[in-house]
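What follows draws every value from the coordinates through simple rules; no lab data is involved. It should be emphasised that the depicted structure is a prediction, and the values quoted were computed from it without experimental measurement. Cβ atoms come from the backbone with ideal geometry, glycine included; neighbour counts cover every protein chain shown.
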Amino acid sequence: MDAVAHLEHGLTALPPARVSAMTYSSVDVRAEIEVLFSRHHAEIYAYLARMVREPELAADLAQDTFVKAYRAFDSLEDPAHARAWLYQIAHRVALDEFRRRKIIRFLPWTGESRGAAPSAEHLALEGRFSGDMERALRKIPERQRSALLLAELHDLTGLELAAALDVSHVAARALLTRARESLRQALAAERAADANAERAAGAASGRGRL
Amino acid sequence: VSRQDRGRPRPDAWSSLHERARVRLAERLDEPLDWLEAEWLAEHLDDCADCRAVAAEYAAQREALRGLRPPEPPRDLWARTAAALDAEAARHPSRVALPADRASRRGRGWTPFGAIGVVVATFVVAFLVGSQLVGPASVPQIAIASPRASGAPSGAALPIATPIPVTRGPVAWCSQENGSCEIHQAEIESVCAPGSTSNCAPLDSHAKSIAKLSVNPKSIVSSPDHRQVIVVGTKPGTSSTTIYVVPVSGGAASPTPTAPPASATPIAPSSPPSSIPSSAPSSPGGSAPPPSASAIATSTPTATALALLAIASDVVVVGQSAAYSPDGAWFAFSARPVSRLNGPDIYTWHSGDPAAVPLTTDHRSVFAGWVGQRIVGSRADLPSGQDAASPEPGASGAAGRGPTNSPATSDAPASSPVPASATAAATASPAGPVAASSFLIDPATRARTELIVPAWRPIVDPLGRWAVYWQGTIAADASGERWVMGTGQLMLGSWAALAGAQTAAGPQPLVLSPEFSAIDGADWDARWDDTGEHLAVWIGEREEPSIGHLTIVTIDTATGQPDPAARRLVGRPALVGFSLADGHLAWATPPGQDGQGSQLQVYAWSGPDAGQTSSQPATGSDTVIVVH
């Protein structure tokens, strides 16, 4: 629980530089970040890519995540929690990105591409994410999506999830429950829309034949 | 109502029983409901088809979620992250510090996931297995050294995001042990997946021994054809330096050499050159007879390995900029006599000659590099009214001697009448910073051209387009043994403009990087790769001149602009002496880095991809010398 409490304490609450006369080498920290990278970069990237849905942006954010981990390395008290700690950083990086977009665009983010024309990568990712599930995921609120992805796809346990999301255990559970319901409704809506589209297409082609 | 009452009292105010059922259905996916609620839910589902449908949807939702393919990270994710980490480390060199208790805990050998609970380890395995299902189908063109299992039970294969097709090429290094040195050579056939450098098989595992020497090398330079190396080394138990030529070609590289010591008898160092540059006036007092060959021979270490040719003895080699000419016919270096009577001169050795000869005799010139078949040299420019004697490193301030026409090696202690006051002055702090200038000189004809732009040690890319150089003052360091930078900046500019072949046209020289500007009191070194696209810059520390930091700068070869975004490696701790080839950089880490002994590190890249590999660390304070 200490570790979780620590994680909840938050990275941003750390003093900007907890530097003392200690000379523990930044190279050592770097080596540890390299190890963390080798073990977790793929899942951290996957999480971010699903959150922001743009491969290039996700790569930038994954990079940010590890740089922030490097900076805040001494907030990781217990190496056993390194993974949840990384997810916590990645989650904040993703939320910061969402906040930034909202500020810049004055529009709620809908998961659409930032640019006027979607990039090739975006289209590729879109193709990969083109299922009902992916579209539905994109419709649910970001924090709910985050909770669901972390719990279902990234196998974070209750305490880890709470730590990664920066909330209490109870709040994390509640968020997850809401996320499942939101997703269920979004999925139903997607399928209904699909069915309508198919019907419309069928009607159109039927008219075409006449 | 009765059913609702059976539920555990909660503050929740359900708008309907169905809503309560939906919430419980979602909750039970994550943890079991308490038995009362579970029983209530079971009964409700029995009666409610809609809620059963919701239960089925939740189950399907979970299946669908878990069936999603994970997006794969881009291949260059490590390269860019590493560059960002390097930049971060360079910005805040002492940014990360750990409380003492953590440092000591780590000092005892903590490794992430090595001693962690089963829970996290299980997740790692789960993730790795998952990622393998979708991952490496499209990966590497070259072998990736398989990481040795360390902490994680998965050990088998870490997810590989960045395949690393590197340009193959040999690296060579020597590990010092008890005053001898064994030179190893290895092809970089594989590099480690990014981030796994600490887990990866060492270079030594496929290295071959190409020479064994009973000297303590200070630097080792390979000929362009890799058939011989030149070793600058000290004899065991002395501080006197000898320069040997060591053949290492192919089969000659016997790890158990049996050449008798007699074959290693070195040849006496140079006799005075027959032609003296006319600009160097002769000074009667400076001309001393060369030491006898026998004297040199007896003081020369026994070479155990191969027939060595000592091309210079009893000299102090200055700097690390010794190099073969591109065609391998010449070797140039900077040295001064061990007597410290004179400052440094540029020496050349022509392949096949018995000894190196001085190319300059002003005692204030150093070798900077080659441009084709010509040598770029740099010279300390003394303030007017002073001669060459006093303000240069190693020079005798009291003697007030002008340049001599004798080779530096002839100023051996035994044969040079050195006033005691002169010896004392040699170590005294010389005059303040002085300006520097550079020149081009042909080692064969000694034809000499001054560069029009004042510069110290211009190092020109192999294509002759761009040069990195120090623009500013230089000064002798506290020991009086070497030149260090005064005030100024490392610049990157057009070589043609520097040499005066081109005037206003072309881009203006620019500061190489602000991070290299505060190097007063320190030394630096730089090397280009074969393409002229990459420049490795080493900046020494003021207090510990053999240790410094190494950075790769990527240059746009058309414009000569450094590309700050394409930085691959920033500020890695490195011993003096490194090698940069097309596609890889090799350096030696200082002993004690990461709690390890000194080791060879190789950073190899191709396009945006990069990886790293290393040798086994040396023991104790022994250091690794990179053959460059």
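Values as computed for the structure displayed
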read-out: Partner lysines for A:LYS139 [C-alpha distance under 17 Å; skip if fewer than 8 residues away on the same chain]; value: A:LYS102
read-out: 11 Å beta-carbon shell around B:ARG62, net charge (K/R +1, D/E -1); value: -1
read-out: Sequence-distant lysines (8 or more away, or on other chains) whose Cα lies within less than 20 Å of A:LYS68; value: none
read-out: Around B:LEU463: net Lys/Arg minus Asp/Glu count, Cβ-Cβ under 12 Å; value: -3
read-out: Nearby lysines by direct alpha-carbon distance to B:LYS218 (threshold 26 angstrom, same-chain neighbours under 8 apart not counted); value: B:LYS208, B:LYS235
read-out: Span from the segment B:325-371 Cα centroid across to the segment B:533-559 one, whole angstrom; value: 24
read-out: Rounded FRET efficiency, nearest 0.05, which uses the C-beta distance separating B:SER15 from A:ALA195 and R0 of 41 Å; value: 0.90
read-out: Potential extension, B:ASP594-B:ARG446 segment - 0.36 nm per residue separation minus Cα distance; value: 48.5 nm
read-out: Cα centroid separation, segment B:14-77 to segment A:143-209 (Å); value: 12
read-out: Whole-Hz ³J(HN,Hα) from phi, Karplus 6.51 cos²θ - 1.76 cosθ + 1.60, for segment B:222-230, glycine and proline x; value: 8, 6, x, 8, 6, 9, 8, 10, 10
